[in-house]
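Every number in this text was worked out from the coordinates using simple rules, so none of it is lab data. Just so you know, these numbers come straight off a predicted model, no measurement behind them. Positions of Cβ are generated from backbone atoms using ideal geometry, with glycine treated the same way; all protein chains shown enter the neighbour counts.
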Amino acid sequence: MQHKIINRDNALFLAFAAAFIAMVGSLYFSEIKGYEPCVLCWYQRIAMYPFTVILVLAIWKKDYHIAFYTMILSAIGACISTYHVLIQKVPFFTDRAVTCGRIPCTGDYINWLGFITIPMLALIAFIIIFVCSLYIFKVTKGETK
């Protein structure tokens with residue numbers, strides 16, 4: 001049983017670390033580098049920022065049942081990020097992308113290695129949070145609060 005508790009704690013901390021790094025990274029790009037976020041970037045932020053508070057409270061209270069809710073929220077954020085990556089990188093989607101505000105959602109502020117953009121970084125963070133939450137959910141399944 002101790003083995004499960006250690007793994008759940010590690011998974012919860014990894015999810016928190018991914019969320020915290022994503023939050024700090026997005027604030028760095030917008031506030032320090034001066035990259036103005038597009039509408040889809042704002043939606044991804046809306047999905048990502050609550051994780052830092054939710055997960056730090058879950059770590060503090062050792063509340064593993066939060067995994068169900070973080071799974072759902074991270075899946076929603078991953079869908080938004082996936083769509084954003086598609087309209088940036090896939091010509092079929094780029095040509096059909098609607099105008100989403102003053103800043104075009106098809107623009108690339110960063111393009112590391114030809115495919116790593118800000119929405120891709122957000123997608124990676126959402127996937128890490130989802131996988132950690134899924135693991136915690138499966139291990140915790142059947143336990144009562």
To the nearest 0.05, the calculated FRET efficiency linking residue 27 and residue 102 through their beta-carbon distance, R0 being 25 Å, is 0.80
Fewest to most Cβ atoms within 10 Å: 100, 132, 105, 79 sort as 79, 100, 105, 132
Fewest to most Cβ atoms within 10 Å: 84, 65 sort as 65, 84
With +1 at each Lys and Arg Cβ and -1 at each Asp and Glu Cβ, the charge dipole magnitude of region 2-140 around its Cα centre, to the nearest 20 debye, comes out at 320 debye
Which of 63, 108, 95 fluctuates most in a GNM of the chain (C-alpha springs under 10 Å)? That residue is 95
Number of Lys pairs in region 2-140 closer than 22 Å at Cα, excluding neighbours under 8 places apart unless interchain, is 5
Scaled by the rule-of-thumb 2.2 N^0.38 Å, the alpha carbon Rg for region 93-138 gives a ratio of 1.55
Helix 2-27 sits off the longest principal axis of the Cα atoms of the chain, rounded to the nearest 10 on a 0 to 90 degree scale, by 20 degrees
Cβ density ranking, 10 Å radius, fewest first, applied to 81, 26 yields 26, 81
Treating only Lys and Arg (+1) and Asp and Glu (-1) as charged, each at its beta carbon, one finds that region 90-145 has a dipole about its Cα centre, in Debye to the nearest 20, of 260 debye
Relative contact order as a percentage, region 24-118, C-alpha pairs under 8 Å and 6+ apart, gives 31 percent
In nanometres, the difference between 0.36 nm per residue of separation and the alpha-carbon distance of residue 39 and residue 68 is 7.7 nm
